[in-house]
Structure formats: C-alpha cells, structure tokens
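Here the structure comes first, spelled out in structure tokens, and everything after it is commentary.
The values are calculated or read from the model by the stated rules, or taken from the named source; none is laboratory data. Since we're looking at a predicted model, the values are computed, not measured. Positions of Cβ are generated from backbone atoms using ideal geometry, with glycine treated the same way; all protein chains shown enter the neighbour counts.
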Amino acid sequence: MFERFTDRARRVLLLAQEEAKGLGHDSIGTEHLLLGLAAEGEGVAYVVLDTLEAPADAIRRRLASSEEGQERRADPAAALAAVGIDLEQVRREVEAIFGEGALQLARALPFTPLAKKTLEMASHQAVALGHNYIGTEHLLLAVAELTDGLAPVILAGLGVDRTELRETTLGVVRWAGELAAEPAYAELASLERAIPTLPEPFRVHARRIMSEVVYPARAQAILRVSRLGETGSPQAIAAAVATVGSAVEEAKGQLAGAGMSAFLDRVRSPLVVAARTALDRQLMNLGGLITVTNVPSFSAELLGSATRTLRAAETRREELWDRLWESGGDLPEDELVLGLLGMIAQAAQAALSVLGGVTRELSSMELPAAPLASSA
C-alpha cells in the first residue's frame, strides 16, 4: 500500500512520527496523523485544515493539553523504578562518561490499530475517487470518517464539523483537478519537476521559495475557486488562477536573481563540487556503518559518538549553505571548501573509530578451534 503514497503523504507519516516523539508518546495515533496533515504545509489536506481554522499549532496545543494525550506519554522511568532502577541516575552517569544525549536512541514508533485502520481507509477513499495514488486528501477524508480516537475529538474541539470537513476536501480535490489544465498550473508543474534536478544547496532554497511564495497562492486559488463552484463566473475563476501565475513568475524571478546566480556560481565551482561530493560520500559511508553495526553486542559508546558526529556534520552542512545564501554567494571559496573539508575529516575519523571497534570486537571473539588432523 505504501508504494501508492505520494511524496507529500509519506512526509505526513514522517511528520506524524516526529510529532508523536516530540510529545513523548509511545505510538502514532490518529491525532498524530491529523497533526502531520496540518503541518505538511503544501497539500490538499493542509489547505483544507488551514481554511477551517485547524492549523498545526492549534491541534498540537489541544493534543498536549488533553487527558488522553497525556495518558499516551511513555513512562520508562516508572517501569524501571518498579525493578529498582533510577533512570535519571543512570542517565547522568552514562552522559558523564559518553557525552550528553548518549541514551537517545533512534527508533520508529508503531502505529496504533486505529491509525493503521485509518491508512487502510485512505486507500479505500482513493479507490472510491478513481485515483491510483494515496495523497494527503485521501488521508484527510479517512480522518473525517473516524468516530473513535483522538482525531475527531480534537477536530470537534476546534469547531470543525466532520461533514463540512469532508465536503470541503472533496470540493478542493475536484477543483484542483479542474485547474491542473490551466497554463499557470502547467508552468508550476514544470517548475516543480525542475527543482529535484538542481544542486542540493540550490534545491533546498528553491523549495523554501516555493513554500513561501507559490504554495500559499495556489492554496488560496484552489479554495476561492472551490467556493465559487458552478455559480462562479469565468472571470472570477480566471482571476483566482491568475494569482497562481503571478506567484510562479515571482518565484522564477527570485530563482533567477543576481544573488542566486552568484550562489550557483559558487556551489558549481570545481573545488566546491569536489569537496561537496566527497562529503556526501563520507556521510553516506558513515551512515551505512552505523546501520550495519547497530546491534546489541556492539559498543553503544562508539555508535552514540558516530551518530552525533553524523548529525552534527549534516547540520553544519546546512548552516554553511545558509551562510552562502545569506551572503548572496559572496562567501569566499576557500572558506567554503575548508568548512566542507573539516566535516569530511570529522566524519572519516568517526568511521575509522567504528571500523576500529568492529576489528577489536572480532579479535576478541572466541573462535572454535580447528580439529586436529588425525594421523594415518
């Protein structure tokens, strides 16, 4: 089923997991799916929820303050205390030796049975609409059908009627399809197809411009047209579509601006390309090592240190691109290359440490003795 999910729908599932972890919950429920839909920021579900005044912040506040949400919090301290272990004392001692955050292990949270059912319902909604994909709109339509779980409770608390939610979503879906043939939307689709082919730092900022300039205009246009419906005049519908065209042109202007040209010139210079490629390869290797050695028998200290190095390098890389962007592409090439080389060295050192740990562990293993050859 998941292979039919659009990129935005998959992003919703990732956001739902992040929100559940952020709230200290031990599983992903319908409330987290709802929150992921509202936080996604681009798709049909985001447009509808924002229109019905159910934004992510409001849903998050409702969830955090609800009794059911508080009961969902995982409480490892209580479980360990029952067997005589003080979690805080263990945490302090471990972090004193291995560094802050050494006990934070990455893990995927499971979906609750009702959340799994909601994903199945989304598939049914897609089939009912004759769609061969599962998008954010189908997930939201599935949520609108729920009578159990926290999602309908939160929506009701925000004054969102389930029938209105369904009708608004279907209206937006219909008119989004109608508008797809408009020239402005064809231009938008062309721009969206081009962005993934751009160099990584340019791609990040291009998507930011799309999120800030184009997608809000598209959301408002779809909403206005869906509200006009059959009674709307062609002129009113054309005016709504024109706002999308204007936003696309504004985004293209920003992408082609002088600052962007300088930015591209810098990131495409041979030295920067070589350093960037080497860093990406090194981080990929380190990530692979962390994955294959993430077993109970291996050193938690080494894995924790390597994981922190990987995350720090990824963060520093994004910060470096941000500095280059903010400087209008004027950041000196040697400063940019040296920054990338520093991250490569740190990632390589972490990888060597993990490999060294593997070697030490293998050498300490007691291998069965080879049988002695019998004499003839």
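Per-residue answers, yes or no, for (1) at pLDDT below 75; (2) aromatic (Phe, Trp, Tyr); (3) in contact with a strand residue (DSSP E or B) (Cβ under 7 Å, 6 or more places away or on another chain); (4) closer than 23 Å to Val47 by Cβ:
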| position | (1), (2), (3), (4) |
| --- | --- |
| Ser226 | yes, no, no, yes |
| Thr231 | yes, no, no, yes |
| Ile237 | yes, no, no, yes |
| Val244 | no, no, no, yes |
| Glu249 | no, no, no, yes |
| Ala258 | yes, no, no, no |
| Val267 | yes, no, no, no |
| Leu271 | no, no, no, no |
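Just need a number here: residues in the stretch 105-164 that are under 20 Å from Leu63 (Cα atoms) and basic (Lys, Arg).
Selection size over the stretch 105-164: 2.
Results for (1) out of contact with any Pro (no Cβ under 7 Å at 6 or more places or on another chain); (2) among the polar types (S, T, N, Q); (3) under 20 Å from Lys116 (Cα atoms); (4) buried (at least 24 other Cβ atoms within 10 Å of the Cβ), shown as yes or no for each residue.
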position: Thr6; (1), (2), (3), (4): yes, yes, yes, no
position: Val12; (1), (2), (3), (4): yes, no, yes, yes
position: Glu18; (1), (2), (3), (4): yes, no, yes, no
position: Leu33; (1), (2), (3), (4): yes, no, yes, yes
position: Glu42; (1), (2), (3), (4): yes, no, no, no
position: Val47; (1), (2), (3), (4): yes, no, no, yes
position: Asp50; (1), (2), (3), (4): yes, no, no, no
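Among the residues of the stretch 128-143, is any under 16 Å from Thr30 (Cα atoms) and free of Cβ contacts under 8 Å to residues at least 60 places away in the same chain?
Yes, the stretch 128-143 contains a residue that is under 16 Å from Thr30 (Cα atoms) and free of Cβ contacts under 8 Å to residues at least 60 places away in the same chain.
For the stretch 1-38, name all the residues that are of a type in the set (Lys, Arg) and in contact with a Ser or Thr (Cβ under 6 Å, 6 or more places away or on another chain). Let's see the steps before the verdict.
Narrowing the stretch 1-38 to residues of a type in the set (Lys, Arg): 4, 8, 10-11, 21.
Arg8 - this is the single residue of the stretch 1-38 that is of a type in the set (Lys, Arg) and in contact with a Ser or Thr (Cβ under 6 Å, 6 or more places away or on another chain).
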